[in-house]
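Read-outs throughout are calculated quantities, based only on the coordinates presented, and are distinct from any laboratory measurement. Keep in mind that this is a model prediction, so the values were computed, not measured. Note: ideal-geometry Cβ built from the backbone for every residue, glycine included; neighbour counts use all protein chains shown.
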Amino acid sequence: MKQTSKEVINEGVVIEINNFSKKFKKFQAIKNISFNIKQGSIHGFIGPNGSGKTTTIKSIIGAYRSLPGQIKILNFKPGSEKANRLIGYIPEKASFPKHLNTIDYLITMATFSGIKLKEAKQKALDILKSIGLEQHKKRNPNEFSSGMKKKILLAQALIIDPKILILDEPAANLDPDARKELFDSLIELRKQGKSIFISSHILSELEKIIDSATFIYNGDVLFSGELKNISKSKNNLYIKTSNNLKTKKLLKEILKLESEGDSKSEIIIKDVNEKQKNEIIQIILENKIVLQSLRHNDLQSFYDSLVEQSQGERDDSNLQRSNAEIS
């Protein structure tokens, strides 16, 4: 369901998005969205390619223009000198100059941000030590693996000691070990008081580290808020069978498990452990019932249900419009 846009509360908030829209010629990329990112949190920005994630991020960092008041970075205008000093930005794709080695690249980026040369040199060396790449300081970053390139982008973002980190699909093209290392780094940065805004489509790993999330689809915000309720119900099992009523009866008689749901929707069984899940599947199959779907209440399932609901509302709206035109 599309979230109703409203003015967000700015207490303890580092980034505010208020009724923000963005249009490219005739294409409406962002549709009057509102959400905020709280101080000291990791906030996930979730949606498929083309949903408006990168457009929103580029507007936050000032690469795209926005109307006054639509976007605030600790009450500063995006792209302003004060806002830029608060933000460390990590793009999805790494692009490094061919003529600079790693440490000179970091020094150059630091001086561009107003840091004096002597301090920039020390900061660059310190940060390369902290990410385990000091021995590669004389190499060109274009020679590095995807994981090492992402480390350099993170170093570049952190060298100005920003209050806010913005990452656009940082886990793209990383192997599982590199992704884990990246996400572990973000958890540590949160402990240090950084506020982190991360766009990603790898929800199975993202849900382990984020405190809150905004779900976006076709330029609309479907949900924005904390994820406590999802975490509390992660052990709930959602199943759909060819005969839900018979399934519910069998689960109660054989496993003494109570369940919710009717003959058409999903059956919900709360607090299911792995052993019980296997027993449930076995009972369904032994009684020649077709198991049509089985899922836990994870981030991906939550997002999928929101998209399905949004598409249903859009279909209903289109049907009403067609009926009105016919009449």
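Calculate for the chain the 222 nm mean residue ellipticity that helices alone would give, adding -39,500 (n - 2.57) per DSSP H run of length 4 or more and normalising by residue count, nearest 500 deg cm²/dmol.
-12500 deg cm²/dmol
Using only the Cα atoms of region 11-160, what are the Rg and Dmax in Å?
17.3, 51
Sort 51-64, 132-145, 186-199 by packing, meaning the average of other beta carbons within 10 Å per residue, with the highest value first.
Result, highest mean first: 51-64, 186-199, 132-145.
Please give the helix 117-130 orientation as an angle from the longest Cα principal axis of the chain, in degrees from 0 to 90, rounded to the nearest 10.
It works out to around 40 degrees.
Grab the other residues whose beta carbon is less than 11 angstrom from that of LEU74, score K and R as +1, D and E as -1, and report the net.
Here the charged neighbours net out to +4.
Dipole size in debye (nearest 20) for the chain around its Cα centre, Lys and Arg Cβ +1, Asp and Glu Cβ -1?
So the magnitude is around 920 debye.
Rounded to a whole number of µm²/s, how large is the Stokes-Einstein D of the chain at 4 °C and 1.567 mPa s, given Rh as the Kirkwood radius over C-alpha pairs?
For the chosen part, D equals 58 µm²/s.
Where a ≥ b ≥ c are the square roots of the eigenvalues of the C-alpha gyration tensor, would you call region 235-296 rounded, which needs a/c under 1.5, or, failing that, prolate if a/b is larger than b/c, or oblate?
Because its axes are fairly even, with a/c under 1.5, region 235-296 counts as rounded.
What translational diffusion coefficient, in µm²/s and rounded to a whole number, does the Stokes-Einstein relation yield for region 129-210 at 20 °C and a viscosity of 1.002 mPa s, taking the hydrodynamic radius as the Kirkwood radius over Cα pairs?
160
Which order do peptides 272-285, 214-227 fall in by mean Cβ count within 10 Å, highest first?
In decreasing order of mean packing, 272-285, 214-227 become 214-227, 272-285.
For HIS99 and ASN19 in the same chain, what is the full-extension length gain: residue separation times 0.36 nm, less their Cα-Cα distance, in nm?
Once the chain is fully extended between HIS99 and ASN19, it gains 24.5 nm.
Using only Cα atoms, find the angle between the long axis of helix 102-112 and the longest principal axis of the chain, and express it within 0 to 90 degrees, rounded to the nearest 10.
Tilt relative to the chain: about 80 degrees.
By the scheme Lys and Arg +1, Asp and Glu -1, what is the net charge of all other residues having a beta-carbon under 14 Å from that of ILE284?
Combined, the nearby Lys, Arg, Asp and Glu give +3.
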